[in-house]
Amino acid sequence: MSNKPVIVFEGIEGSGKSHHISIVSKYLKRKKISFLKIREPGGSINSEKIRKLILNKKSNFNPNTDLLLYLAARSENINLLKKFYKKKIILIDRFIDSTIAYQHYGLGVNIDLIKMINKHILSGFKINFTFLNIVSHKNMLKRLKSRKLLNRYDNFNKNFYNKVQNGFLKLSKLNKTKYKVINSNLDIKLNENLIIDKVKKIIK
Ligand code: TMP
């Protein structure tokens with residue numbers, strides 16, 4: 001694997017992905033290894049503008065509009081991502097799998113449409129490894145309760161999040177060597193160590 005890999009953190013709300021990406025960034029900083037870290041939607045200035053629009057609680061877009069906005073946010077990141085592709089380690093908080101899991105498995109948007117636009121936007125930019133964080137519905141609710149700022153996508157029902165999480169798991173099974181499933185219902189320190197050990201191997 002490239003020692004400047006693209007590493008993605010995926011998972012539903014409250015699955016610990018943002019915590020885990022921050023653990024990895026702290027580790028890389030400690031080791032003085034340079035990296036780029038972005039989130040989606042968001043990351044670049046224009047993509048953050050689109051994020052605000054999509055996730056605003058007052059927004060009320062249909063699933064196709066949501067898809068196009070998430071992809072627009074990605075399209076606004078691609079110059080930044082390509083600038084550092086294979087030059088720096090890139091950590092991404094959500095990427096293509098989130099679009100397939102939420103928009104297709106969760107909201108029923110046509111998967112071929114998603115894949116086609118994604119392919120066009122990414123034009124050769126590839127992910128090397130994904131940490132898929134999973135969580136029970138009970139623990140997800142517990143973690144969401146402790147958050148101050150909830151967005152429009154934090155309010156779906158249990159059935160929706162089940163479909164999305166199962167969608168993520170299906171994707172991880174298509175290419176097992178490129179995924180590590182992290183069970184966030186287990187001990188947090190244990191998971192942090194698992195992730196750092198894996199990152200060390202990936203960037204070697
Ligand atoms: P975040 O709070 O983890 O940053 O995620 C924002 C929300 O956006 C989250 O509910 C998942 C959703 N999302 C999609 O539905 N499709 C996508 O393509 C992406 C990147 C995020």
- Query: For the pair K204 and S59, how long in nm is the line joining their label points, each one 7 Å along Cα→Cβ?
  - Reply: 4.2 nm
- Note on the structure: In the range 1-88, the chymotrypsin sites (Phe, Trp or Tyr not before Pro) that sit in a DSSP loop and have at most 14 other Cβ atoms within 10 Å of their own Cβ are F61
- Task: For the chain, just the Cα atoms, rotate onto the principal axes and tell me the three extents in Å, largest first.
- Result: 44, 38, 33
- Query: Whole-Å semi-axes of the range 1-117's equivalent ellipsoid, largest first, each the root of 5 times a Cα gyration tensor eigenvalue?
  - Reply: 26, 15, 14
- Query: Roughly speaking, what is the centre-to-centre gap between the range 1-62 and the range 74-141 when only Cα atoms are used, to the nearest Å?
  - Reply: 10 Å
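If you roll a 1.4 Å probe over the heavy atoms of the protein chains, what accessible area per residue do you get for the range 57-204, in Å²?
57 Å²
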- Item | Percent carbon-and-sulfur accessible area, the range 136-204, ignoring ligands, DNA and RNA, probe 1.4 Å | 53 percent
- Query: What is the magnitude of the charge dipole of the chain about its Cα centre, with +1 placed on the Cβ of each Lys and Arg, -1 on the Cβ of each Asp and Glu, and no other charges, expressed in debye to the nearest 20?
  - Reply: 820 debye
- Query: Can you tell which of L55, S34, L68 lies farthest toward the positive end of the dipole of the range 31-82, using +1 and -1 charges on the Cβ of basic and acidic side chains (Lys, Arg; Asp, Glu)?
  - Reply: S34
- Once Y153 and K170 are pulled to full extension, the length gained, defined as 0.36 nm per residue separation minus their Cα-Cα distance, is 4.0 nm
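With a ≥ b ≥ c taken as the square roots of the eigenvalues of the C-alpha gyration tensor of the range 96-190, please select rounded if a/c is under 1.5 and otherwise prolate if a/b is larger than b/c or oblate if it is not?
On the way: a/c = 2.00, a/b = 1.35, b/c = 1.48.
Because a/c hits 1.5 or more and a/b fails to exceed b/c, the range 96-190 counts as oblate.
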- Task: Give the shape of the range 164-204 as rounded, prolate or oblate, defined through the alpha-carbon gyration tensor: a ≥ b ≥ c are the square roots of its eigenvalues, a/c under 1.5 means rounded, and otherwise the shape is prolate if a/b is larger than b/c and oblate if not.
- Result: oblate
- Message: As an exercise, use a Förster radius of 25 Å and the Cβ-Cβ distance of S18 and D112 to find the FRET efficiency, rounded to the nearest 0.05.
- Response: 0.25
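The values are calculated or read from the model by the stated rules, or taken from the named source; none is laboratory data. Remember, predicted model here, so these are calculated numbers, not experimental data. Every residue, glycine as well, gets a Cβ built from its backbone with ideal geometry; the counts of neighbours run over all protein chains shown. With ligands, DNA and RNA removed, areas are computed over all heavy atoms of the protein, side chains included. Shrake-Rupley method; radii C 1.70, N 1.55, O 1.52, S 1.80 Å.
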